[in-house]
Amino acid sequence: MIRARIIVWTMAGVFFFLIFGLLNLEVIHGKAYRALGNKNCIRLVAQNGSRGNILDREGLVIAGNKLSYDLMILPQDAPQQESIILNASRILGKSVKDLKSAFKSGYISSSVPAILARNISVKDAIALAELKVDLPAIIVQPNPLRYYPNGKLAAHVLGYVSEIDRWRLTKLEDYGYKTKDIVGFGGVEEKYDYYLRQDEGGVSFEVDHRGKFIRTLGFRPPVNGKDIQLTLNIRIQKIAEESLSGRKGAVVIMDPYTGEILAMASSPGFDPAVFAQKDNAAIAGLFRNSNSLLMNRAISSAYPAGSIFKVIVGIAALENRKINQNTSFFCPGSARIGNREFKCWSTHGMQNLEGALIHSCDVFFYKTGLLLGAQAIHDYALKLGLSRNTAFELPYEDSGFIPSPLWRKINKFRNWYDGDTANLSIGQGEVLATPLQMTRLLAVFANGGYLVNPYIVKAIGGRDISVYQQKSEKFNFKEGNLECIKNGLKGVVDDPAGTGNVLSGLAVSVAGKTSTAQAPPGQPHAWFAGFFPYKNPKFAICVLLEHGGSGYSACLAVKQIIQEMINQELI
C-alpha cells in the first residue's frame, strides 16, 4: 500500500514539473523567446586556411597558394537572393542564369553560405563588398587557391586538388572529411593529403531579422596545412622535362646511394591549375584525351624492358657459375632454338660477357639464358626489384611483370619452351618494367651491390622523415662479377662500337645500357638506363621514349640532360 502511494506521488511530481516547464516557456517567457526567434538568428561563416606548400629540396615552392575571392550568399535571406544575383551579374559580367545555376549546385542547407562565383578579381570583390550595406546576405570570402609558380612542371609528381568525390567521401567521412572539401588526387597531393589539408575555422555571429549584425558569438581561427619538402631538384626536373620535348615517355634521375628522386618527368603532361581554377572545359578535355595525360609514366606504366634486362641475366649467370668472365659464344647473326631461328640485330662474331653487353649481342644472351634456366632468371629479376612495387610513396605504382614456367602453367595452361627462355633472356616476351624499376636496377651496379628504396618526400612540417626510409638491401655479389658488368656498361659508351657511344663526348663519364624493346604494332620503345660519373656515381638515370625507335634516341635525350646539367653546374 505504501509502495503504491510512493509511485503515485512520484508520477504526480513528474507531471507537475512538466506542466510548470511548459507554462514557463509559453506564458512567462514566451513573448521574449518569440521575439528572439523572429528578430535574431545565428549565422556561421567559414574561413579557410591555406593548404600546405610543396617545396623542392632547396625550399623553392613548387605548389603554393595565392589569395582569391569567392562570392557567396546566405540562403536564409531568400528575399535578397534575386537582388544579389542581379547586381552580381552586372558587376561580374555573368548571366543571371549561370549564377542561379551556381547557387543551386552550391546549395547545401539554409544555414550554409552557397557559392555564386569563384576566383573573382580584387576589383570585383571590392565592388561586391560595397553592396553589403543594403544586402547583408552577400558575402565576399577570401579563399586561398592552389598556385603553381612553375606551371606544368612536376605535375605528375604533385598531382592536383579538386572537390572530394563520392567514393573518397564514403571512405574518409569518419576522418573529418565532408562534402565540398578540397582534397588531393594523384601524386603527393593525394598521398599526403592528411598533412597538406587545412583545418577550417570560422565566425559565428547573431543578426536580426533584417540580417543586420548584432554581436559576434565565437571565432575559431583556421589552421594551415603542413608544408612538404621533396627530394626533387627543380632545376634538374626542368631539364628532364625539356628533354622529352612533348614526346611520350619518362625520365627518372635518382641518387644511387640513398634512393632520393632528383627528377621524375612524365610526358605528355597537364596543367594542375585547371583543377584549382575549376575550368570544367579544360578538365573534361584532359579526361577525354587518349594520350593518358594524367598518368605518371615513370611509375604507373610498365613496358617491355628489352636489352637492359641483359644485366640481370649476366650477373645471375656469373653468380650461379654457369659462365665466367671469359666464357665466349659465337654470334653468326642468329641462333637456332628448337624449330625456330632467333635472330640477333647484327653479326658480332665471338663474344664474351663484356663484349655482349657493349654490342648488345642477343645470341650470347640466348645461350647464356638457356644455361641458366628460366626459373633462375625469374628469381634473379625479382631479387633485383622487378615484378614487385618499389615501395615508392606516390600512389598507383605498377609492379611490372616477369613470367615464369610455373605462372605459365597455372594461368595459361601452357608449357614453357626453350624459345620462351630465349625471349626472357633479352627482356622480351611478357617482361614488363617501369622506368623507376630500371633506374633502381642500374643503381645496384653504380653503388656496389645495394638495392635502394626510392623515395621523394624529404620532410613534413619541417621534420626530416628521410631517416625513416627502409634500409637498402645488400647483395653478396662477388666483386669480380660486379666489375665485369660495370666494365661492360662502361664499354657501352666508351667503345666506338658500343650502342651508347653517342654519350662518349660528354665532359663526364657515363655507363649504362641501351634497349630497343619491340612493341608491335608500333615502333620499338627506346630505353637508356645507367649512371654517371662512372667513378663515384652521383646520379642513376633512366630515359624511356614510347615508340621512340632505337635506343639511340633515348641516348640523345640523356646526352641533352647531362650536358645541360654540366652547363648549370649541377654535376
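The values are calculated or read from the model by the stated rules, or taken from the named source; none is laboratory data. No experiment lies behind these values; they were computed from the predicted model shown. FYI the Cβ positions are ideal-geometry reconstructions off the backbone, even for glycines, and counts take in every protein chain you see. Protein only, heavy atoms only, side chains kept; ligands, DNA and RNA dropped before computing areas. Shrake-Rupley method; radii C 1.70, N 1.55, O 1.52, S 1.80 Å.
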- [ ] Work out the FRET efficiency for residue 104 and residue 60 from their Cβ-Cβ distance, taking R0 = 51 Å, and round it to the nearest 0.05.
- [x] 0.75
Open item on the list: Within region 303-337, list the residues whose amide N lies under 14 Å from a label point set 7 Å along Cα→Cβ of residue 379.
Closed with: 316-322
Open item on the list: Roughly how far apart, in whole Å, are the Cα centres of region 445-482 and region 143-189?
Closed with: 30
Task: Net charge of neighbours whose Cβ lies under 14 Å from the Cβ of residue 325, counting Lys and Arg as +1 and Asp and Glu as -1 - done: 0
Task: Placed amide H near residue 116: partners under 5 Å, 5+ positions off or other chain - done: 71, 72, 73
Task: the chain - convex hull of the alpha-carbon atoms, volume per residue in Å³ - done: 236
TODO: Pull up all non-local amide H partners of residue 143: gap of 5 or more, or a different chain, and H-to-H distance under 5 Å with H placed in the peptide plane.
DONE: 68, 69, 70
Task: Largest-first ordering by accessible area, 1.4 Å probe, given options 96, 251 - done: 96, 251
Open item on the list: Over the chain, what is the relative contact order in percent, taking alpha-carbon pairs closer than 8 angstrom and at least six residues apart?
Closed with: 14
Task: residue 119 paired with residue 547, simple spin-label distance in nm, labels 7 Å along Cα-to-beta-carbon - done: 3.3
TODO: First measure r as the distance between the Cβ atoms of residue 292 and residue 336, then evaluate 1/(1 + (r/R0)^6) with R0 = 45 Å and state the FRET efficiency to the nearest 0.05.
DONE: 0.65
Open item on the list: Given region 117-162, report the % of alpha carbon pairs whose separation exceeds 11 Å.
Closed with: 75
Task: Solvent exposure, largest accessible area first (probe 1.4 Å, DNA, RNA and ligands not counted), of 156, 547 - done: 547, 156
TODO: Express in nm, to one decimal, how much length is gained between residue 507 and residue 167 on full extension, taking 0.36 nm for each residue of separation and deducting their alpha carbon distance.
DONE: 117.2 nm
Open item on the list: Quick check: with the 1.4 Å probe, what order do 189, 130 take by accessible area, largest first?
Closed with: 130, 189
- [ ] Tabulate in residue order the Karplus-calculated ³J(HN,Hα) for region 246-259, using 6.51 cos²θ - 1.76 cosθ + 1.60 with θ = phi - 60°, rounded to whole Hz; enter x for Gly and Pro.
- [x] x, 6, 6, x, 8, 9, 10, 10, 9, 6, x, 9, 9, x
TODO: Report the label-to-label distance for residue 320 and residue 9 in nanometres (one decimal), using points 7 Å from each Cα along the Cα→Cβ vector.
DONE: 9.6
TODO: For residue 83, tell me the accessible area in Å² from a 1.4 Å probe, rounded to the nearest 10.
DONE: 50
Task: Entries in 66/132; 412/513; 171/471; 458/490; 383/478; 248/559 that, when Cα-Cα distance is taken, lie over 22 Å - done: 66/132; 412/513; 171/471; 458/490
Task: Radius 12 Å from Cβ of residue 418, net charge of other residues (Lys, Arg +1; Asp, Glu -1) - done: +2
Open item on the list: Charges at C-beta only: +1 for Lys and Arg, -1 for Asp and Glu. How large is the resulting dipole of region 474-571 about its Cα centre, in Debye rounded to 20?
Closed with: 280
Task: Residue-averaged 222 nm ellipticity for the chain, from DSSP H runs of 4+ at -39500 (n - 2.57), nearest 500 - done: -10500 deg cm²/dmol
Task: Karplus 3J(HN,Hα) series, Hz, for region 364-376 with 6.51 cos²θ - 1.76 cosθ + 1.60 (x for Gly, Pro) - done: 4, 7, 4, 5, 5, x, 5, 5, 6, x, 5, 5, 5
TODO: Compute the projected area of the convex hull of the Cα atoms of region 310-414, averaged over all viewing directions, and report it in nm² to one decimal place.
DONE: 8.4
Task: Hull volume in cubic angstrom per residue (convex hull over the Cα atoms of region 379-529) - done: 183
Task: Per-residue ³J(HN,Hα) for region 173-179, Karplus 6.51 cos²θ - 1.76 cosθ + 1.60, θ = phi - 60°, Hz, x for Gly and Pro - done: 4, 5, 9, x, 7, 9, 3
Task: Charge tally in the Cβ shell below 13 Å around residue 236, where Lys, Arg are +1 and Asp, Glu are -1, residue 236 excluded - done: -4
Task: Pair residue 175, residue 465: separation of 7 Å Cα→Cβ label points (nm) - done: 1.2
